[in-house]
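The values are calculated or read from the model by the stated rules, or taken from the named source; none is laboratory data. Just so we're clear, the structure is a prediction, and the values are computed from it rather than from any experiment. Here Cβ is always computed from backbone atoms with ideal geometry, including for glycine, and neighbour counts include all displayed protein chains. Accessible surface is based on the protein model in full, side chains and every heavy atom, while ligands, DNA and RNA are left aside. Shrake-Rupley method; radii C 1.70, N 1.55, O 1.52, S 1.80 Å.
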Amino acid sequence: MGSLYKDEQDDWITVCLKYLLFVFNFLFWMGGGVVMGVGIWTLVDKGEYLSLLASSTFAVSAYILILAGGLVMVTGFLGCCAVIREQRSCLSTYFSCLLLIFLIELVAGVLAYVYYQALSEELKQHLSKTMTDNYAQPGKESITQSVDRLQQDFKCCGSNNSFDWMHSVYIMSQAAESRLVPDSCCKTITPQCGKRDHPSNIYKVEGGCITKLEQFLADHLLIIGAVGIGVACLQLIGAVLTACFIYLLYKEEEEDFSDV
């Protein structure tokens, strides 16, 4: 009687765990779409600013999230199939995939956090030099477009303030045509509006671009880190549930073999 009760209890636990895993995998599949979406959003939303950064860590973190999101969606679908079929070999493969994706997303989260710590110093050292040395120079068209977009989007002028442009290669050259700042510093862009640097005409008192770009990137990095580490922790729960389900299936197979 006690053995029968124990068998029924084990069957009940197995069924509950099976449905719990199925629900988890469905949520996991949806989470993969969110992870991929965050990665794509990070690159698309003002992704042109990447050319102004000294390192590629920011972009790499986003690409890792996109890769992980795609793997999560595929793995979530395979996990549902493995749970329904109750095949230990498929579940073991699914378990291994969970651990692999966990490591990938953890790397993305850690990269985002590490870069977040070094972001301020990188921008201070690199952005000012990039803007003054490369703006409107031959072969640097992408940087020129990025700087113009940066100044217009964030309503800023120069890396720290508008006076930074006084030392730029472009402003000191004949190509500037007596401009004091690039036209993208103007509140309303008109031809050669950069010749007049009064606060009513340019973003002179609104602050430099370093602070505003730093805040923008920091917000994105925090989201990348939170999503990467958050989904990675969720996967650990899934891995534990899968391991328990595999153990119960193995136990049932052993009991069936012993009865024979």
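Measuring against 19 Å, Cα to Cα, the residue pairs LYS124/LYS212; LYS129/LYS195; LYS124/LYS187; LYS129/LYS187; LYS140/LYS187; LYS155/LYS204 contain LYS129/LYS195; LYS124/LYS187; LYS129/LYS187; LYS140/LYS187 as the ones spanning a longer distance.
Within the chain, the whole DSSP H helices whose Cα atoms reach 15 Å or more along their own axis and whose mean Kyte-Doolittle score is at least 0.5 are 2-44, 57-85, 88-134, 209-259.
Given the alternatives (i) 40; (ii) 46; (iii) 58, percent of Cα pairs over 25 Å apart as computed for this entry is given by (iii). Between SER146, SER92, SER200, the Gaussian network model of the chain with springs among Cα atoms under 10 angstrom shows the greatest mean-square fluctuation at SER200.
What 222 nm value per residue comes from the helices of the chain, counting each DSSP H run with n ≥ 4 as -39,500 (n - 2.57) and dividing by all residues, nearest 500 deg cm²/dmol?
Calculated mean residue ellipticity at 222 nm is -26000 deg cm²/dmol.
Candidates ALA62, ALA175, GLY230 compared by Cα position along the dipole of the chain: farthest toward the positive end lies ALA175, with charges placed on Cβ. Atom-type composition of the exposed protein surface of the range 101-177 places 57 percent of the accessible area on carbon and sulfur (1.4 angstrom probe). Taking Cα centre as origin and charging only the Cβ of basic (Lys, Arg, +1) and acidic (Asp, Glu, -1) residues, the dipole magnitude of the chain rounds to 1460 debye. Excluding ligands, DNA and RNA, the accessible surface per residue across the chain is 53 Å² with a 1.4 Å probe. Projecting the Cα atoms of ILE189, PHE163, CYS209 onto the charge dipole of the range 66-220, computed from C-beta unit charges around the Cα centre, puts ILE189 farthest toward the positive end.
For the range 41-145, the list of trypsin sites (Lys or Arg not before Pro) that fall in a loop by DSSP and count at most 10 other C-beta atoms within 10 angstrom is empty. If the elastic network links every pair of Cα atoms under 10 Å, which of ALA82, ALA175, ALA108 fluctuates the most in the Gaussian network model of the chain? Answer for the Gaussian network model of the chain: ALA175.
One Cα centroid belongs to the range 129-163, the other to the range 60-77; the line between them spans 33 Å.
Put a plus charge on the Cβ of each Lys and Arg, a minus charge on the Cβ of each Asp and Glu, and nothing anywhere else: the dipole of the range 137-260 about its Cα centre is then about 1500 debye.
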